[in-house]
Amino acid sequence: MKLTYKSLAWLSLAAVLALSCAQTKTSDKPVYLDENQPIEARVEDALSRMTLEEKVKILHAQSKFSSAGVPRLGIPELWTTDGPHGIRPEVLWDEWRQAGWTNDSCVAFPALTALAATWNEDMSALYGKSIGEEARFREKDVLLGPGVNIYRTPLNGRNFEYMGEDPYLASKMVVPYIQEVQKNGVAVCVKHYALNNQETLRHQYDAVVDDRTLYEIYLPAFKAAVHEGGAWSIMGSYNLYKGQHVCHNQYLLNDILKNDWGFDGAVISDWGGCHDTDQAITNGLDLEFGTWTDGLTMGATNGYDSYHLADAYLERLRDGRASEEVLNDKARRVLRLIFRTAMRTDKPFGSLCSPEHYDAARQIADEGIVLLKNEASVLPLDATKPGRILVVGENALKMMTVGGGSSSLKVQKEIIPLDGIRAAAGKLQVDFERGYVGDVSGAYNGVVTGQDLSESRTADQLIADACAKAKDADAVIFIGGLNKARFQDCEDSDRFGLELPYNQDAVIEALAQINPNLAVVIISGNAVAMPWVDKVNSIVEAWYCGSQAGTALADVIFGKVNPSGKLPMTFPVRLEDNGAHALNAYDRKATSVEYKEGIFVGYRWAQKKDVKPLFAFGHGLSYTTFSYGEASVSKASIPANGTLTVSVDVTNAGEREGKEVVQLYIGDDEASVERPVMELKGFRKIALKPGETRKVSFTIEPDMLKFYDVNAADWALEKGTFTAYVGAASDDIRTQVSFEVK
Ligand code: BGC
């Protein structure tokens, strides 16, 4: 009989019950089974009862997504799942093909770029709570996400799974997600630690990064995930750093993560990211997954025994080449993970596809959609007045939850934009034209959308047909952008350029000429070039919003929701306006990628070089307007260990209720090293009724003023003048005030 994970879970439970029945008094329970005992004592007790073989057994996969427990002791196995936008459908034990379950559909939550664009920590908590409940209901112990790799280049095919270009924003947004997921007894596995900032040659490239850049830009969100979020596991990334694959990397795993940060959880390899037995043993890997094997033919008894942390490790332990001390450290970490998740009996049950989860997905999407431009007030459209609108573009139809790599989902429901618009259009008649043909496939690992997107008209004909209908429409909404096909927003490949694919620029230009009442909606996880930006009155960035994509887009288009999202990344005019590309430091063929732009990522580069972005980091409009008063400081000067408060009054100066993200940036006016013009150090999303004013205060702490001093190998704070800039975007500072550090 092949054991399913359900039957194994029952067997484990039965074993635990049998043990506890045999010893009726609580005090007679073995320590490791006694939930009243501290977890460390239980882990030590369990470890002391395990054989060498059992210790090694829990350090590697036993199937595509699970690893073994210790059946003899009633210690359950671990079940992992992707992540990070919903719970992945079940695949076969040894294969990527679908298991064919009928109860593994989920709610797709908005992509993490959309979450980051809410600039609202409450939305991150809601996200974590909801996806954590779905994971729990599906009996998963480890959710493979969230991801916080910094947005270094707009070409990275996986940017949609991450939280943008700024380490402060990503740090703040990742923490509530983690805390809320883990309340369900489900661990997060924060990925991809670290420096996995492109997909091209992801298994081969060595990221060459100076220490200051590493500490200031690429590590803070991971550190926050560990220190503030309390993440129970972390995923080593595919790339190399200092010549070692990051899944077994002395510097990033042992020195920084485990020693400096005191991480007590388990390091899990990205699937197939482990390449060397000796390094896997010594350089910080705890749990190996997905090493290339078909799971059937390569091993002694089965493929999983051929993993680096399996038989090869056992051999080294038996002949004395590997120490039991290191083994115990790994086993302890994995046991801790099991005790924190699979072994807990007081976990909530979770829920799947609940109305609350759909509602959460909608709220997050509503707050994440960004209104980039709105001249002549094309938006919002008034659904109470009769008229005719024309929707153009493949992305109005295309389901986006299938594709893109491991984050691909099988959803119970996905409202496509056209359906969302139709449902909310009220008295408006809605017509549709295809406009362009992009990617008509709709399958990933055997999950199919079932959509027939075939189209036989030529590109010219499609434009002509769209223009014919656009001519007398009261408004035209073009819905395009990227998609989840390879070389778009997709794992394991990067885009080739910044421009929109599939002739979309020509379609937009033609529509803009024929009807000025045009809104362009971009669905993407990445910045795109907009050569037509001056000819189009309204532009919306709508991300990948999952199950509620169409509903949320319609909420914004018809004004049911006043948009309040802000860009978590810079939209450059041209690729060369991005630091990595300006310096030719992104090379598709290079196996050594030098991060030459250093700390000048995103807006830090744009401001240093004074290049005007197409849309700046932090930019996002509303259907109302906000005015800012003068910023003031609680003290004009502070000692190096002091704090002060920056306050500003913000008023809703328009006629609609709305939300504003008040952003605080700080600049160091007299530093001994080159520092960015300003860096994000605070943000607050506030809701204001028309005419209402609120005071927003930020506390400035010494850590916010420091830079990483490479000579001291530590963070440094220098005395002198600093400026606090407060505004609505990185390029829309409304007020500033200086203070002194003495
Ligand atoms: C991806 C991970 C994912 C894993 C399991 C890898 O290819 O990089 O993000 O969690 O597969 O599907």
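Could you check the range 337-368 and list, in sequence order, the residues that are more than 30 Å from Arg684 (Cα to Cα), in a helix (DSSP H, G or I) and touching a Gly at 6+ places or on another chain (Cβ under 7 Å)?
Answer for the range 337-368, where residues must be more than 30 Å from Arg684 (Cα to Cα), in a helix (DSSP H, G or I) and touching a Gly at 6+ places or on another chain (Cβ under 7 Å): Leu337, Ile338.
Looking only at the range 228-247, how many residues end up being more than 16 Å from the ligand (Cβ to nearest atom) and over 21 Å from the mean Cα position of the chain (by Cα)?
Our first condition is that a residue be more than 16 Å from the ligand (Cβ to nearest atom); within the range 228-247, this holds for 228-230, 241-244.
Subset that is over 21 Å from the mean Cα position of the chain (by Cα): 241-244.
Matching residues across the range 228-247 total 4.
How about the range 707-731: which of its residues are among the charged types (D, E, K, R) and open to solvent by 50 Å² or more (accessible area, probe 1.4 Å)? Working first, answer last.
Initially, the range 707-731 is screened for residues among the charged types (D, E, K, R), giving 709, 714, 718-719, 731.
Passing the criteria: Asp714, Lys719, Asp731.
Can we say Val648 is part of a strand (DSSP E or B), within 30 Å of the chain's Cα centre (by Cα) and buried (at least 17 other Cβ atoms within 10 Å of the Cβ)? Break it down stepwise before answering.
Values: part of a strand (DSSP E or B): yes; within 30 Å of the chain's Cα centre (by Cα): no; buried (at least 17 other Cβ atoms within 10 Å of the Cβ): yes.
When the stated conditions are applied, Val648 does not pass them.
Looking at the structure I just gave you, is Ala396 touching a residue at least 60 places away in the same chain (Cβ under 8 Å), surrounded by 24 or more Cβ atoms within 10 Å (Cβ to Cβ) and among the small types (Gly, Ala, Ser)? Even if it seems obvious, please write down each step before you answer.
Working: touching a residue at least 60 places away in the same chain (Cβ under 8 Å): yes; surrounded by 24 or more Cβ atoms within 10 Å (Cβ to Cβ): yes; among the small types (Gly, Ala, Ser): yes.
Here the answer is yes, as Ala396 does meet what is asked.
Please go through the range 283-337 and give me each residue that is touching a strand residue (DSSP E or B) at 6+ places or on another chain (Cβ under 6 Å) and small (Gly, Ala, Ser), ordered by number.
Gly284, Ala310
Does any residue in the range 600-620 that is in the same structural domain as Thr153 (by TED's automatic domain parsing) and closer than 14 Å to Pro568 by Cα come within less than 8 Å, Cβ to Cβ, of a residue that is in a strand (DSSP E or B) and open to solvent by 10 Å² or more (accessible area, probe 1.4 Å) six or more places away or on a different chain, and which pairs are these?
Listed by first residue and then by second, the contacts come to nothing, as the list is empty.
Residue by residue through the range 654-674, note down the ones that are closer than 18 Å to Thr625 by Cα and either of a type in the set (Phe, Trp, Tyr) or touching a Phe, Trp or Tyr at 6+ places or on another chain (Cβ under 8 Å) (or both). Spell out how you get there, then give the answer.
Just the residues of the range 654-674 that are closer than 18 Å to Thr625 by Cα, to begin with: 654-663.
Within the range 654-674, Gly654, Arg656, Gly658, Glu660, Val661, Val662, Gln663 meet the criteria.
Any residue in the range 472-496 that is over 10 Å from Gly525 (Cβ atoms) and assigned by TED's automatic domain parsing to the domain that holds Arg422 sitting within a Cβ distance under 6 Å of a residue that is within 16 Å of the ligand (Cβ to nearest atom) and open to solvent by 20 Å² or more (accessible area, probe 1.4 Å)? List the pairs, counting only those 6 or more apart or interchain.
Hits for this filter: Ser493/Arg486; Asp494/Thr200.
Just checking, how many residues over the range 104-137 are part of a helix (DSSP H, G or I) and out of contact with any strand residue (DSSP E or B) (no Cβ under 6 Å at 6 or more places or on another chain)? Spell out how you get there, then give the answer.
Restricting attention to the range 104-137, the residues satisfying the condition of being part of a helix (DSSP H, G or I) are 112-118, 121-137.
Applying the additional criterion that residues be out of contact with any strand residue (DSSP E or B) (no Cβ under 6 Å at 6 or more places or on another chain) yields 112-116, 118, 121-133, 136-137.
Matching residues across the range 104-137 total 21.
Enumerate the pairs (first residue in the range 60-72 and under 17 Å from Val43 (Cβ atoms) and away from the ligand (no atom under 15 Å from the Cβ); second residue anywhere and at pLDDT 95 or above and open to solvent by less than 10 Å² (accessible area, probe 1.4 Å)) with beta-carbon separation below 6 Å, excluding pairs fewer than 6 apart on the same chain, so at least 6 apart or on different chains.
Qualifying pairs under 6 Å: Ala68/Ile58; Gly69/Ile75.
Within the range 181-196, work out how many residues are closer than 23 Å to Lys484 by Cα and either out of contact with any strand residue (DSSP E or B) (no Cβ under 7 Å at 6 or more places or on another chain) or among the aliphatic types (A, V, I, L, M) (or both).
Qualifying residue count, the range 181-196: 3.
Name the helices (runs of 4 or more DSSP H) wholly within the range 495-582 that hold at least 3 residues that are crowded, with 24+ Cβ neighbours inside 10 Å? Reasoning before the result, please.
Numbers: elements: 504-514, 549-557, 579-582.
Because the criterion is at least 3 residues that are crowded, with 24+ Cβ neighbours inside 10 Å, the helices (runs of 4 or more DSSP H) in the range 495-582 that meet it are 504-514, 549-557.
Results for (1) over 27 Å from Gln204 (Cβ atoms); (2) within 16 Å of the ligand (Cβ to nearest atom), shown as yes or no for each residue.
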residue: Asp276; (1), (2): no, no
residue: Gln279; (1), (2): no, no
residue: Thr301; (1), (2): yes, no
residue: Tyr307; (1), (2): no, yes
residue: Leu317; (1), (2): yes, no
residue: Ser323; (1), (2): yes, no
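Looking only at the range 574-588, count every residue that is without any contact (Cβ under 8 Å) to a residue 24 or more places away in the chain and either among the β-branched types (Val, Ile, Thr) or closer than 14 Å to Asn156 by Cα (or both) and tell me the total. Before you say what the answer is, go through the steps one by one.
Taking the range 574-588 as the starting set, the residues that turn out to be without any contact (Cβ under 8 Å) to a residue 24 or more places away in the chain are 576, 583-585, 587.
Now restrict to residues that are either among the β-branched types (Val, Ile, Thr) or closer than 14 Å to Asn156 by Cα (or both): 585, 587.
Matching residues across the range 574-588 total 2.
May I ask you to list the residues in the range 281-327 that are closer than 19 Å to Gly69 by Cα, crowded, with 23+ Cβ neighbours inside 10 Å and of a type in the set (Gly, Ala, Ser)?
Matches in the range 281-327: Ala310 only.
Looking at (1) part of a loop (DSSP other than H, G, I, E, B); (2) under 27 Å from Val556 (Cα atoms), find the lone condition where Glu670 falls short.
Failed condition: (2).
Could you identify the single residue in Val208, Val246 that is among the aliphatic types (A, V, I, L, M), touching a strand residue (DSSP E or B) at 6+ places or on another chain (Cβ under 7 Å), surrounded by fewer than 22 Cβ atoms within 10 Å (Cβ to Cβ) and assigned by TED's automatic domain parsing to the domain that holds Val326? Break it down stepwise before answering.
On the way: Val246 fails: surrounded by fewer than 22 Cβ atoms within 10 Å (Cβ to Cβ).
Result of the check over Val208, Val246: Val208.
Specify which of the listed residues (Gly602, Gly618) is small (Gly, Ala, Ser) and open to solvent by less than 10 Å² (accessible area, probe 1.4 Å).
Details: Gly602 fails: open to solvent by less than 10 Å² (accessible area, probe 1.4 Å).
It is Gly618.
Give me the pairs: first residue in the range 257-281 and assigned by TED's automatic domain parsing to the domain that holds Ser66, second residue of a type in the set (Ser, Thr, Tyr) and away from the ligand (no atom under 16 Å from the Cβ), beta-carbon distance under 9 Å, and six or more apart or on different chains, which are they?
Pairs found: Thr277/Tyr313; Ala280/Tyr313; Ile281/Tyr313; Ile281/Ser323.
The values are calculated or read from the model by the stated rules, or taken from the named source; none is laboratory data. Computed from a prediction, not measured in an experiment: that's the story for all the values here. Counting neighbours? That spans all protein chains shown, and the Cβs are built from the backbone with ideal geometry, glycine included. Ligands, DNA and RNA are excluded from the accessible area calculation, which covers all protein heavy atoms including side chains. Shrake-Rupley method; radii C 1.70, N 1.55, O 1.52, S 1.80 Å.
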